[in-house]
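See structure below.
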Amino acid sequence: MIFDRKILFFLFGLGLVALSGCLNSEPPPLPGQQIENSTNKKETISQETTNEFENDTGVEVTEIIIKPKGSLGGQVIINIKNTSDKECGGLIINVDLLSETKKVIVSLGLKAPKSIPPSGKETLKEGYIGKEASTAVVTELTCDYDPWQSRA
């Protein structure tokens with residue numbers, strides 16, 4: 001009889017623990033459904049692009065290539081030429097990758113590994129993560145320093 005009571009209390013206790021864990025939880029939403037419990041309005045984020053920037057560096061972008069790699073991203077390749085009579089050191093090119101609907105997928109900054117001499121050419125490459133990039137827009141192009149000024 002004592003053995004039966006121990007088993008009975010054990011099963012009763014196990015049942016209470018199981019029920020107490022299940023009583024206060026809600027089942028998860030089905031895939032594709034979301035439950036909105038918040039009364040707060042969510043902030044809308046808008047990303048606008050512009051093609052207007054002042055390029056006084058003498059560095060020209062001659063070609064931009066978007067190479068998709070896999071389903072989640074790819075690589076951007078930018079060919080440039082320094083048409084100025086000055087060397088361009090610290091070259092940084094900022095680029096927005098856009099979808100077909102002209103929404104910004106990702107913004108990138110590509111940096112030249114070395115100074116670009118007058119009439120010099122360089123190819124910059126950078127990987128990106130984002131789906132369906134169709135166009136690239138240069139938003140800024142800067143030469144941060146003149147290497148000849150630092151040698152004087």
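Out of the range 60-80, which residues are under 12 Å from Val138 (Cβ atoms) and surrounded by fewer than 14 Cβ atoms within 10 Å (Cβ to Cβ)?
Within the range 60-80, Glu60, Thr62, Glu63 qualify.
Which pairs turn up if I take residues in the range 56-78 that are touching a residue at least 40 places away in the same chain (Cβ under 8 Å) and over 19 Å from Lys114 (Cα atoms) and look for partners that are surrounded by 13 or more Cβ atoms within 10 Å (Cβ to Cβ) and aromatic (Phe, Trp, Tyr) with beta carbon separation below 8 Å, at least 6 apart in sequence or on another chain?
Listed by first residue and then by second, the contacts come to Gly73/Tyr128; Gly74/Tyr128; Gln75/Tyr128.
List the number of the failed condition for Ala133; all other conditions in (1) in contact with a strand residue (DSSP E or B) (Cβ under 9 Å, 6 or more places away or on another chain); (2) surrounded by fewer than 16 Cβ atoms within 10 Å (Cβ to Cβ) hold.
(2)
Is the range 106-113 home to any residue that is charged (D, E, K, R) and at pLDDT 90 or above?
yes
Restricting to the range 67-111, give me the number of residues that are of a type in the set (Lys, Arg) and closer than 13 Å to Tyr128 by Cα.
Of the residues in that region, 2 qualify.
Consider Ser84 against the criteria (1) in contact with a Gly (Cβ under 6 Å, 6 or more places away or on another chain); (2) among the hydroxyl-bearing types (Ser, Thr, Tyr); (3) modelled with pLDDT of 90 or more: it satisfies all of them except one. Which criterion is unmet?
(3)
The values are calculated or read from the model by the stated rules, or taken from the named source; none is laboratory data. Because the structure is a prediction, the values reported are computed rather than measured. Here the Cβ is made from the backbone with ideal geometry for all residues, glycine too, and neighbour counts use every protein chain on show.
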